[in-house]
Amino acid sequence: MCTVTWIPDGSGGHFLTSNRDEAPHRAALQLTHRQTASGETLHYPVDSGAGGTWICFSDQGRAICLLNGARRKHRHRPPYRRSRGLVLLDAFEGKDFSTFIDAYDLVGIEPFTMVMADEEDARVLIWNGRKKVVEEIAPGEMRIWSSSTLYPYPVRRRRRRLFARFLRKHPQPDLDQILSFHHLETGDQHNDFIMNRQDRVRTISVTAAHLSARDPYWIHKDLLHHKTERRELVQKH
């Protein structure tokens, strides 16, 4: 997995959207919510593998989205100490993401990329199996990421060009336009945004959140069962 975009809404909020590319048997078990030890409520789809998740939002305006792999495709060498989807949930147990990034021991964790946002700023944590790299996302910046484990560099570059073309046409896109982009078809079923590689790996869901103090919510589209759910993200301050 997957394809992720980060787009400001023009009013101080952001849209975080993820296409999940995975084996069909790894479809989400359910949409759930739970509280951390500090009382923060987390909302996320549950991965049917290790019980973690690839995307999570909280009632304190925090969000994380996970992509498998770092900048380059790595060799899969199990066993790993902990599922990346559980590491994502661990990140919400600290008082802030900076503390998690500095203190969390990632040795023995498979490489990943995490888009991490709170009410103050957004950043990308990249773990290549040896070291952590943190990239700050500038205010107003719009970004797209595609998993290095599934998409070679030429495909990722082509997707960035498609994203730039989309933004030229829609300089301030709304959620419907963003979701339309995440369903874009180019005639390449192997690498389309809604991809299918002989049903071994395919895009099984699209999840989007509006991270905003005024109108926070998230939408989960289950593409296998043709179901869409929308849930509010009531924020505590």
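Out of region 132-151, which residues are surrounded by 13 or more Cβ atoms within 10 Å (Cβ to Cβ) and touching a residue at least 40 places away in the same chain (Cβ under 8 Å)?
Residues satisfying the conditions are Ile137, Met142, Arg143, Ile144, Trp145, Ser146, Ser147, Ser148, Thr149, Leu150, Tyr151.
Test Asp199 against the stated conditions and say whether it is free of Cβ contacts under 8 Å to residues at least 12 places away in the same chain and of a type in the set (Asp, Glu). It would help to see each step written out before you state the result.
Numbers: free of Cβ contacts under 8 Å to residues at least 12 places away in the same chain: no; of a type in the set (Asp, Glu): yes.
When the stated conditions are applied, Asp199 does not pass them.
Restricting attention to region 161-184, which residues are part of a loop (DSSP other than H, G, I, E, B), closer than 18 Å to His14 by Cβ and in contact with a helix residue (DSSP H, G or I) (Cβ under 8 Å, 6 or more places away or on another chain)?
Quick first cut of region 161-184, residues part of a loop (DSSP other than H, G, I, E, B) only: 170-174, 183-184.
Now restrict to residues that are closer than 18 Å to His14 by Cβ: 170-174.
Correct list: His170, Pro173.
Spot the failing condition for Gly52; the list is (1) within 15 Å of the chain's Cα centre (by Cα); (2) part of a loop (DSSP other than H, G, I, E, B); (3) surrounded by fewer than 19 Cβ atoms within 10 Å (Cβ to Cβ), and only one is missed.
With (1) within 15 Å of the chain's Cα centre (by Cα); (2) part of a loop (DSSP other than H, G, I, E, B); (3) surrounded by fewer than 19 Cβ atoms within 10 Å (Cβ to Cβ) applied to Gly52, the lone miss is (3).
Would you confirm whether or not region 150-169 contains a residue that is more than 18 Å from Gly69 (Cβ to Cβ), of a type outside the set (Asp, Glu) and in contact with a Gly (Cβ under 8 Å, 6 or more places away or on another chain)?
no
Here is a check on your reading of the model: is His33 in contact (Cβ under 8 Å) with a residue 40 or more places away in the chain and touching a His at 6+ places or on another chain (Cβ under 8 Å)?
Working: in contact (Cβ under 8 Å) with a residue 40 or more places away in the chain: no; touching a His at 6+ places or on another chain (Cβ under 8 Å): yes.
Spelling it out, it is not the case that His33 is in contact (Cβ under 8 Å) with a residue 40 or more places away in the chain and touching a His at 6+ places or on another chain (Cβ under 8 Å).
Of the conditions (1) closer than 19 Å to His182 by Cβ; (2) surrounded by fewer than 24 Cβ atoms within 10 Å (Cβ to Cβ), Leu66 clears all except one; give me its number.
(2)
Using the structure shown, decide if Ala28 is small (Gly, Ala, Ser) and within 22 Å of Met195 (Cα to Cα).
Details: small (Gly, Ala, Ser): yes; within 22 Å of Met195 (Cα to Cα): yes.
Taking the combined requirement at face value, the residue satisfies it.
I'm checking my understanding of the structure. Among residues of region 130-181 that are under 12 Å from Thr3 (Cα atoms) and of a type in the set (D, E, K, R), which one is nearest to the chain's Cα centre (by Cα)?
Filtering first and then ranking leaves Arg143.
Please count how many residues of region 19-49 are more than 19 Å from Glu119 (Cα to Cα) and surrounded by 21 or more Cβ atoms within 10 Å (Cβ to Cβ).
Of the residues in that region, 7 qualify.
Step by step: first the residues of region 184-237, then only those that are of a type in the set (Phe, Trp, Tyr) and under 23 Å from Gln60 (Cα atoms), then the one that is surrounded by the fewest Cβ atoms within 10 Å (Cβ to Cβ). Which residue is that? Give the steps one after another, and end with the answer.
Taking region 184-237 first, the residues of a type in the set (Phe, Trp, Tyr) are 193, 217-218.
From what is left, the residues that are under 23 Å from Gln60 (Cα atoms) are 217-218.
Working: Tyr217: 17, Trp218: 24.
Step by step, filter region 184-237, then rank; the result is Tyr217.
Specify the residue that is modelled with the highest pLDDT; the eligible residues are those in region 184-237 that are touching a Gly at 6+ places or on another chain (Cβ under 8 Å) and of a type in the set (S, T, N, Q).
For region 184-237, the residue satisfying everything is Ser212.
The values are calculated or read from the model by the stated rules, or taken from the named source; none is laboratory data. Predicted model, so just to flag it, every value in this text is computed and none were measured. Heads up, the Cβs are rebuilt from the backbone with ideal geometry, glycines too, and the neighbour counts pull from every protein chain shown.
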